[in-house]
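Taking it in order: structure first as structure tokens, then the write-up.
Read-outs throughout are calculated quantities, based only on the coordinates presented, and are distinct from any laboratory measurement. Values in this document were obtained by computation on a predicted structure and should not be read as measured data. Cβ placement follows ideal geometry from the backbone for every residue including glycine, while neighbour counts extend to all protein chains displayed.
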Amino acid sequence: MVGFTGSRRPSGAQVAAAQRAALIIAGYGIPVAVGCASGIDAAVRNVVPGAEVFRVEGSGPGAFALRSVAMVKACKESRGWVALAAYPSAPCPARLVPSGSSSACFNGSGSGTWATAAYAVGIGVPIVVFGQVELPEWGGKWEPVRLGPLVGGWRFVSNQLSFI
């Protein structure tokens, strides 16, 4: 399963990249997971009507965090090719770092996309980031993805994680 997360106000290039990747991934028969928000979520839902949509239940920012945590966990628990494709519109907040604790990642920093990516890294889900943003220093390195459906993104590689 490949999850998609991103800005509610993405660039046109991010929308095109997300839709292209989602179509290719779904075409391979790999399940696509996405949230219920506007922006990247809506763009992916528009091209992959069979995507598994994770919906917010309740109200407040905690409800959005629970939705994102559920999606990342579903990706981790799926079989086969697993990844999270993230399309942030701003740099990662300075105090946000990967953690297996959802409350540490969803700490009110102001970026649900980066919090979702940090949580994914924290629980061992590979991430690929797309967009013209500064990539965070998370104790690893960022490498360009040169092949496959997530080409054009930057994959995070640390001593503990190596994938995609």
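Got a sec? Which of F64, F4, F54 is in contact with a Ser or Thr (Cβ under 9 Å, 6 or more places away or on another chain) and surrounded by 13 or more Cβ atoms within 10 Å (Cβ to Cβ)? Steps first, please.
Working: F64 fails: in contact with a Ser or Thr (Cβ under 9 Å, 6 or more places away or on another chain); F4 fails: in contact with a Ser or Thr (Cβ under 9 Å, 6 or more places away or on another chain).
Result of the check over F64, F4, F54: F54.
Got a number for residues in the range 77-100 being without any contact (Cβ under 8 Å) to a residue 40 or more places away in the chain and hydrophobic (A, V, I, L, M, F, W, C)?
1
With the condition kept exactly as written, say whether any residue in the range 10-17 is touching a Pro at 6+ places or on another chain (Cβ under 6 Å) and crowded, with 24+ Cβ neighbours inside 10 Å.
No, the conditions are met nowhere in the range 10-17.
Give just the number: which of (1) surrounded by 21 or more Cβ atoms within 10 Å (Cβ to Cβ); (2) in contact with a Phe, Trp or Tyr (Cβ under 7 Å, 6 or more places away or on another chain) does V125 not satisfy?
Looking at each condition in turn, V125 falls short on (2).
Just checking, does the range 101-121 include any residue being assigned to a loop (DSSP other than H, G, I, E, B), in contact (Cβ under 8 Å) with a residue 60 or more places away in the chain and within 17 Å of F156 (Cβ to Cβ)?
No, every residue in the range 101-121 fails to be assigned to a loop (DSSP other than H, G, I, E, B), in contact (Cβ under 8 Å) with a residue 60 or more places away in the chain and within 17 Å of F156 (Cβ to Cβ).
If you go through the range 34-50 one residue at a time, how many are surrounded by fewer than 22 Cβ atoms within 10 Å (Cβ to Cβ) and in contact with a Gly (Cβ under 8 Å, 6 or more places away or on another chain)?
Residues that pass the stated criteria total 1.
Identify, please: which residue in the range 23-33 is free of Cβ contacts under 8 Å to residues at least 40 places away in the same chain and in contact with a helix residue (DSSP H, G or I) (Cβ under 9 Å, 6 or more places away or on another chain) and is, among those, surrounded by the most Cβ atoms within 10 Å (Cβ to Cβ)? Even if it seems obvious, please write down each step before you answer.
Kept after step one, since they are free of Cβ contacts under 8 Å to residues at least 40 places away in the same chain, are these residues of the range 23-33: 23, 26-27, 29, 32.
In the following step, the residues that additionally are in contact with a helix residue (DSSP H, G or I) (Cβ under 9 Å, 6 or more places away or on another chain) were identified as 23, 26, 32.
Details: L23: 15, A26: 19, V32: 22.
The qualifying residue surrounded by the most Cβ atoms within 10 Å (Cβ to Cβ) is V32.
Could you please let me know if V82 is out of contact with any helix residue (DSSP H, G or I) (no Cβ under 8 Å at 6 or more places or on another chain) and either crowded, with 23+ Cβ neighbours inside 10 Å or under 21 Å from A21 (Cβ atoms) (or both)?
Considered against the rule, which asks whether it is out of contact with any helix residue (DSSP H, G or I) (no Cβ under 8 Å at 6 or more places or on another chain) and either crowded, with 23+ Cβ neighbours inside 10 Å or under 21 Å from A21 (Cβ atoms) (or both), V82 comes out as no.
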